[in-house]
1. Rounded to whole Å, give me the distance from the Cα center of segment 33-110 to that of segment 282-319.
2. Taking all pairs of different Cα atoms in segment 12-119, averaging 1/r and flipping that mean, what Kirkwood radius in angstroms comes out?
3. Roughly how tilted is helix 266-276, in degrees to the nearest 10 and between 0 and 90, from the longest Cα axis of the chain?
4. Which whole-Hz couplings ³J(HN,Hα) result when phi for each residue of segment 207-221 is put into the Karplus expression 6.51 cos²θ - 1.76 cosθ + 1.60, θ = phi - 60°, listed in order with x for Gly and Pro?
5. Give the relative contact order (percent, whole number) for the chain; include only Cα pairs under 8 Å separated by 6+ residues.
6. Past 19 Å, Cα to Cα: identify those pairs from Lys119/Lys234; Lys226/Lys285; Lys29/Lys309; Lys234/Lys294; Lys186/Lys226, in the order given.
7. Counting each DSSP H run of 4 or more residues in the chain as -39500 (n - 2.57), what helix-only mean residue ellipticity at 222 nm follows after dividing by all residues, to the nearest 500 deg cm²/dmol?
8. Amide H to amide H under 5 Å from Gly11: which residues, 5+ apart in sequence or cross-chain, H placed 1.01 Å off N in plane?
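The values are calculated or read from the model by the stated rules, or taken from the named source; none is laboratory data. Predicted model, so just to flag it, every value in this text is computed and none were measured. Note: ideal-geometry Cβ built from the backbone for every residue, glycine included; neighbour counts use all protein chains shown. Side chains included, ligands, DNA and RNA excluded: accessible areas come from the protein's heavy atoms. Shrake-Rupley method; radii C 1.70, N 1.55, O 1.52, S 1.80 Å.
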Amino acid sequence: MSPHREPTVVGVQNFNAAEDAAALRAAMKGFGTDEEAIIAILTTRSNAQRQAISQAFTHEYGRDIIEDLKSELGGHFEDVIIALMTPPAEYLCRELHHCMEGMGTDEQVLVEILCTRTKPEIADIVDSYERLYNRPLAEHMCSETSGDFRRLLTLIVTGARDEEAGVDHARAAEAAQQLYDAGEAKWGTDEEIFNKILAHESFAQLRLIFEAYKELSGRTIEQAIKAEIGGELKDALSAIVECVESAPAWFATRLRAAMQGLGTDDRTLIRIVVSRSEIDLEAIKREYERLYDKTLESEVRGETSGDYKRALVALLGPA
């Protein structure tokens, strides 16, 4: 994971939840809605501050701020604001549930959320999921996926990753050899070895393993995965590898894909901007410009409009 936090949203000093609640109530009361006031307040507060505003709103007015916001707003602008008002783990749970409900499963969302988070973040998501849906995330996920892809995600969701072991060069060389023997060195691929190592080892240890692999094979682990493995498992393992190297670069490519081609994948755009705004969105912006020679803000402005655009641009922070 990105070792340094580079958020675009850090909350405000001298925060006063009751004052913000009163300002938001005024913005929604009476004839018409003051969208600018809503954007100005909610895109600059941290999620913890927004939860405090929500409590103050209920305490002062006996009303649910999310219900009030839903009744006043609409479209993708509403989606951004409701995402901001939802606790982070709960928001990601709702996204996971949505991608598995109904006909077909959006495996890309499973990969984006589950293959890129730290062990504590995953634990938080797992707890929240069962509380929200009265069903374990692993169980729901197993009913919607299959094969080695399912096995990899199950290892991640059940907390297999060892983030306490520290780094060890000798173990890294051994694991690199196992990966080589399971893939390039044999006819056919032993996916189980790839799953075991990429789901169990810490990101710091994986970084060493991938360096050792390159020395051993002359190819990067990413090249090996793309050559040896297919389908959703390839996407999931590649996401882990790319996030070990640079999570911001991986999210930049995902944002690019959401805004390219016919129509914008607004759900993905909103989810990444909102969920990374307090983690590494500043670094994602930098990587986006490095990779595509365009600023993320200019791309977002070109793909969105109105209050929806204003809210996203505000979350991106200064250019």
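1. When both Cα centres are located, 20 Å separates them.
2. Working: mean 1/r = 0.0655 Å⁻¹.
Kirkwood radius, segment 12-119: 15.3 Å.
3. For 266-276 against the chain, the angle is about 90 degrees.
4. So the J values, rounded to whole Hz, are 4, 5, 4, 5, 5, 5, 4, 5, 5, 6, 9, x, 10, 6, 4.
5. Numbers: 393 pairs, mean separation 74.2, N = 319.
Once normalised by length, the contact order is 23 percent.
6. On the way: Lys119/Lys234 21 Å; Lys226/Lys285 26 Å; Lys29/Lys309 23 Å; Lys234/Lys294 28 Å; Lys186/Lys226 15 Å.
The pairs that break the limit, which is 19 Å between Cα atoms, are Lys119/Lys234; Lys226/Lys285; Lys29/Lys309; Lys234/Lys294.
7. On the way: 19 runs with 227 residues, N = 319.
Counting only the DSSP helices, I get -22000 deg cm²/dmol.
8. Under 5 Å from the amide H of Gly11: Ser46.
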